[in-house]
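Here, each number is a calculation from the coordinates, and none is a lab measurement. Quantities reported herein were computed from a predicted structural model and do not represent experimental measurements. Counting neighbours? That spans all protein chains shown, and the Cβs are built from the backbone with ideal geometry, glycine included.
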Amino acid sequence: MTDDKDVLRDVWFGRIPTCFTLYQDEITEREAEPYYLLLPRISYLTLVTDKVKKHFQKVMRQEEVSEIWFEYEGTPLKWHYPIGLLFDLHASNTALPWSITVHFKNFPEKDLLHCHSKDVIEAHFMACIKEADALKHKSQVINEMQKKDHKQLWMGLQNDKFEQFWAINRKLMEYPPEDSGFRYIPFRIYQATTERPFIQKLFRPIASGGQLHTLGDLLKDVCPSAITPEDGEQKTQVMIHGIEPMLETPLQWLSEHMSYPDNFLHISIIPRPTD
């Protein structure tokens, strides 16, 4: 992969200032103060909120505590989506800190997966990495790794260790010199205005004529509504890690540098603010 390590670092160390408040109908023994935290964009809510849980449990009656879940403006937040994706999709044009509501009751079974332990997060994370490598390298790279390498990827994410994670992840971002990129680009496109969870399909980084496919090429093919007509008004924003990449950016470069640790490009398409 091309060596743009500063980009990798900027992506890894992206943080969202967040204010957690307890839902008003939760029964407490005394007033629950809000809890402030810098959330890592690349991680998962259930992985980085142990302190939040402990903070609010202190004021709760134990019999009132069941599985914790989080909500933003009425929308339950899917823990198996990376935090940065959740913010880009639901809150990217709101003032900071991001205001998240904490619940301990009435778990929304229809909207959220249960997450009873960190093992559930690890299993989801590794399943995504394996799916991404099936797309990129027919699973050859991930299958050649040892179990300890898989563990190092997970521990690097869990403990927020950039060097530890990238020592292994670098191998997943390489491709043979005779190829100009991956077999297919692992991506998911999410739209704030639709019920469909996400769009995912096979898309090559290189066109049949040998030229590099761009982000714009992908959107034209998979989600044409996100592309503004030449004479039209721009109605949407295309966000990855809180920024709007230029549509001319090669997909291969984006996949190598702007993927989340699960090796997918998570692309949010949201309405452009009108003000």
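Would you mind pulling out the separation of the Cα centroids of the range 1-61 and the range 66-133, in Å?
11 Å
Please identify the helices of the chain, taking whole runs of DSSP H, that span at least 27 Å along their own axis as judged from the Cα atoms and have a mean Kyte-Doolittle score of -1.0 or higher.
TM-like helix candidates: 118-137.
Among the aspartates and glutamates, which fall within straight-line cross-link reach of LYS118, defined as a Cα-Cα distance under 13 Å, with same-chain neighbours fewer than 8 residues apart omitted?
Correct list for LYS118: ASP50.
Can you return the lysines within cross-link range of LYS58? Criterion is Cα-Cα under 18 Å, with same-chain partners fewer than 8 residues away left out.
Once the sequence-local lysines are set aside, what remains near LYS58 is LYS105.
Given the options SER225, SER180, SER208, which has the most mean-square fluctuation in a GNM of the chain, springs set between C-alpha atoms less than 10 angstrom apart?
Judging by the Gaussian network model, the answer is SER208.
Please report, in whole Å³, the volume per residue of the convex hull around the C-alpha atoms of the range 186-242.
109 Å³
From the Cα gyration tensor of the range 1-63, with a ≥ b ≥ c the square roots of its eigenvalues, which class applies: rounded if a/c is under 1.5, or else prolate if a/b is larger than b/c, or else oblate?
prolate
Over the alpha-carbon set of the chain, divide Rg by the Kirkwood Rh and report the Rg/Rh ratio to two decimals.
Rounded to two decimals, Rg/Rh equals 0.99.
Mind jotting down the distance between the C-alpha centroids of the range 208-264 and the range 159-201, whole Å?
14 Å
Rg/Rh for the range 173-275: what does it come to with C-alpha atoms and Rh from Kirkwood?
Ratio of gyration radius to Kirkwood radius: 0.97.
Which of TRP166, SER117, ALA127 sits farthest toward the positive end of the charge dipole of the range 96-205, with +1 on the Cβ of Lys and Arg and -1 on the Cβ of Asp and Glu?
ALA127
Can you tally the net charge around SER99? Count Lys and Arg as +1, Asp and Glu as -1, for every other residue whose Cβ sits under 15 Å from the Cβ of SER99.
Counting the neighbours of SER99, the net charge comes to -3.
I'd like the projected area of the range 29-122, averaged over all directions, using the convex hull of its alpha carbons. Report it in nm² with one decimal.
Spelled out: convex hull of the Cα atoms, projected over all directions, averaged, 6.3 nm².
Below 8 Å, C-alpha to C-alpha, sequence gap of six or more: please give me the relative contact order for the range 13-169 in percent.
23 percent
Calculate the radius of gyration of the Cα atoms of the range 133-223 to one decimal place, then report Dmax, the largest Cα-Cα distance, as a whole number, both in Å.
According to the Cα coordinates of the range 133-223, Rg and Dmax are 15.8, 43 Å.
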